[in-house]
1. List the residues whose amide H sits under 5 Å from the amide H of Y125, counting only those 5 or more places along or on another chain, with H placed 1.01 Å from N in the peptide plane.
2. Please report the Cα spread of the stretch 241-386 along all three principal axes, rounded to whole Å, starting with the longest.
3. Probe of 1.4 angstrom, ligands and nucleic acids ignored: what's the accessible area per residue over the stretch 324-412, in square angstrom?
4. Place a +1 charge on the Cβ of each Lys and Arg in the stretch 342-413 and a -1 charge on the Cβ of each Asp and Glu, then give the dipole magnitude about the Cα centre in debye, rounded to the nearest 20.
5. For the stretch 270-344, what is the charge dipole size about the Cα centre, in debye to the nearest 20, if Lys and Arg each add +1 at the Cβ and Asp and Glu each add -1 at the Cβ?
6. Projecting each Cα onto the charge dipole of the stretch 354-413 (Lys/Arg +1, Asp/Glu -1 at the beta carbon, about the Cα centre), which of F363, F398, A410 comes out farthest on the positive side?
7. Compute the length gained on full extension between T183 and R44: take 0.36 nm times their separation in residues and subtract their Cα-Cα distance, giving the result in nm to one decimal.
8. Can you find, among V174, M136, Y125, the residue sitting farthest towards the positive end of the charge dipole of the stretch 104-176, where Lys and Arg contribute +1 and Asp and Glu -1 at Cβ?
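The values are calculated or read from the model by the stated rules, or taken from the named source; none is laboratory data. Predicted model, so just to flag it, every value in this text is computed and none were measured. Backbone-built Cβ (ideal geometry, glycine too); neighbour counts: all protein chains shown. Calculation scope for accessible area: heavy atoms of the full protein, side chains included, ligands and nucleic acids excluded. Shrake-Rupley method; radii C 1.70, N 1.55, O 1.52, S 1.80 Å.
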Amino acid sequence: TWGLNSMALWTRTARLKLLEAEAVLLRAFVRSKKAKIDVPVFVRQSRKGVLCRPVKLETAENISGSARTGFSTEAINTLHVQGSAALSGGANERLCSDVPAVLTHGYGSGLAMYFRNIDDFAGMYRDVYALDWLGMGGSTRPPMRPFFVQLREAQQAGTLTLADAMQRCESLFVESLELWRATLGLEKMDLIAHSMGGFLSAAYALAHPTRVRNLVLISPAGLIAAPPTAPVSELGVADTRVRSASARAQRTVTFFNDNLITPQSLVRTLGPFGPGLVRRAVDGRLPDLPASERALIADYVFHMSAAPGSSEYALNTLFKIVAAPDESGLYAHAPLVPRFASARAVAPRESLVVFGDRDWMAFPIRERHVQEMRAAGVRVATVPAAGHHTYLDNATHFAGLMRSVVQSSASQQ
């Protein structure tokens, strides 16, 4: 049991522990040749030390002397895997894409969550990269909370619109990803992204369409806007009771949102009891994985969650969390479906949205939304026997979908 002395001696985590947990997971499952890279990102700060935004590469290169005191140097944690076909020069080489695959993770997650998929990707691509978003996973964590507090306070004061706050928040991730790409010298990429990372990667593709060949969004957040709330007068007695219960849940969610309280905040607050909470969450989210895999994932997720808070606070700016019955979900203030339609002419060669057949993120998606995506040139696919973590729950079927994307691109060259 934990006594007061144990509480006092307990150390939450450190970046080194997080990277060790990541390495354990990758060593256990990834056989391809791999290397780790810290890709530098220069972040401008205000005179009060509040993070403002990543700066463009050419600007960062010109910073010298005392001017550099206005910037912090951060690192985007990156995994590079050399494709097996490129190494062997074998018969599969002609099927191996010269355009690299770039994998981005979802909220509260990290690059090692693709441990079941990386070897599959290495058989399709000459180069595979997986990265942690700035301020998440194993990337460095600049103190971003004051930045998001400023956005919230400016909105409340009426000096900043929600659309402007959204744009500033998005650009934080979009510009850092563009800086990452330019630093590595990648001309074009196939961008494969999960959940919140899917929303951010789609925003990147819309902002930099010439840099993305194919866009694959795995159970992406933020496809549609939040539905309007039905007036109580239109509800029956039973519906009213359900709506009343959901309203209480919504008030809790709103309180957390308004005060920038995240799931990671709770893990940090619980101290030595945090690992147990994370283990239960992983067991609930990934029940079909072997217990040994869930244990490694839980250790990895705990260290990511217990690390200092940074860009996790973007969740409350980018999305609205709805707790209403039959409509609960994560909705974007700037939803992707209408943005896909308006960008039809400059869309990637192939845009694919993938959901699991028991994926909670897909519950609010209606047939009309699917038709709107198809009209915008976005293909929609469902993976059987899979939930929100589709790429983990049914890695074999997901790999088959990815092979079709790569082969389609090869046939069009």
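1. S97
2. Extents along the principal axes: 51, 38, 34 Å.
3. Working: 3940 Å² over 89 residues.
Accessible area per residue: 44 Å².
4. Details: 8 positive and 6 negative charges, 47 e Å.
Dipole about the Cα centre, nearest 20: 220 debye.
5. Details: 7 positive and 7 negative charges, 46 e Å.
I would put it at about 220 debye.
6. Of the options given, the answer is A410.
7. Working: separation 139, 0.36 × 139 = 50.04 nm, distance 1.73 nm.
Between T183 and R44, full extension yields 48.3 nm more.
8. So the residue we want is M136.
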